[in-house]
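Read through the structure below, which is laid out as structure tokens, and then see the notes.
The values are calculated or read from the model by the stated rules, or taken from the named source; none is laboratory data. All of these numbers come straight from a predicted model, not from anything done at the bench. A quick note on method: Cβ atoms are made from the backbone with ideal geometry, for glycine too, and the neighbour counts reach across all protein chains shown.
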Amino acid sequence: MKKMMHPVFMLSVCVLALFVACNKQEEQLTEEEAIAEALYSVQERGGLGRLGCYELLFPVEFTLLDGSTATVNSYDDMKLALRAWFQANGPVRFAPSLVFPISVLSEEGDLITVNNENEFRRLRADCRGKFGNQDPRQHTRRQLSCFEITFPLTIQFPDGTTASVDNRLQLYQLVRMWHHDNPGAGRPHITFPLTVKMTADGSLVTVNSRAELRDLRASCE
């Protein structure tokens, strides 16, 4: 008569098999796959970039798996920082955390300050987006953002005052300062017309209204 295997033993075997399978999967992860999945995770969580509803305003700081951080001025810079880390530590599957607060540009031209991960995920909840069952590798082979804002540009605040900025860092600092000094007072927005540089082909496009900005974002494929 055959002896039945003890349930605890069977469970141990299953756990060991799962552990080995997961390790094998991690070992098979290439550097390019790890970079693609990390970038896709950032964009999908907040509804950012070409497939989402918002454009991330750089510079931003993000946290790597070992707790170290990197400050980047573009998605290309983020790729380089991830590549350097993976080359030093080996490719691994993880979701980088942005260091908050960050600022994003909505389809309406509003400048939104995001203070924590919950608010970041709320952006995604408010955005239909086009993420679905996208392959991160195919996604990151294409342009990750719809367009880049060109400078100088003018910001209008809820109290009617305006300010001009000459670069991304000034814009980032101005928006942060406004929210710090005027909590709950509403969102600044970019005035029209404005000129953007399309990341797909480098062409310059003049955007004359919120409606045109929405249409431009909707056209990003």
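The set of residues from the stretch 193-221 being part of a strand (DSSP E or B), of a type in the set (A, V, I, L, M, F, W, C) and under 22 Å from the mean Cα position of the chain (by Cα) comprises Val196, Met198. Taken over the stretch 157-192, residues that are more than 24 Å from the chain's Cα centre (by Cα), more than 30 Å from Lys130 (Cα to Cα) and not aliphatic (A, V, I, L, M) amount to 11.
When Ala185, Ala218 are screened for being loosely packed, with under 13 Cβ neighbours inside 10 Å, out of contact with any helix residue (DSSP H, G or I) (no Cβ under 9 Å at 6 or more places or on another chain) and aliphatic (A, V, I, L, M), only Ala218 passes. Please verify whether Asp166 is modelled with pLDDT of 90 or more, loosely packed, with under 14 Cβ neighbours inside 10 Å and closer than 24 Å to Asp76 by Cα, treating the condition exactly as stated. So Asp166 fits the description; yes. Is it the case, given these coordinates, that Gln173 is loosely packed, with under 12 Cβ neighbours inside 10 Å, assigned to a helix (DSSP H, G or I), among the polar types (S, T, N, Q) and at pLDDT below 95? Answer is no for this residue.
Which members of the stretch 159-187 meet the condition of being touching a His at 6+ places or on another chain (Cβ under 9 Å) and under 23 Å from Arg217 (Cβ atoms)? Before the answer, list the steps.
Pass one, the stretch 159-187, residues touching a His at 6+ places or on another chain (Cβ under 9 Å): 185, 187.
Listed by number, the list holds a single entry, Arg187.
For the stretch 34-56, indicate whether the set of residues that are free of Cβ contacts under 8 Å to residues at least 40 places away in the same chain and buried (at least 16 other Cβ atoms within 10 Å of the Cβ) is non-empty. Looking for residues that are free of Cβ contacts under 8 Å to residues at least 40 places away in the same chain and buried (at least 16 other Cβ atoms within 10 Å of the Cβ), one finds none in the stretch 34-56, hence no.
Do you know which residues across the stretch 149-182 are of a type in the set (D, E, K, R) and without any contact (Cβ under 8 Å) to a residue 60 or more places away in the chain? Steps first, please.
We begin by selecting, within the stretch 149-182, every residue of a type in the set (D, E, K, R); these are 159, 166, 168, 176, 181.
Correct list: Asp159, Asp166, Asp181.
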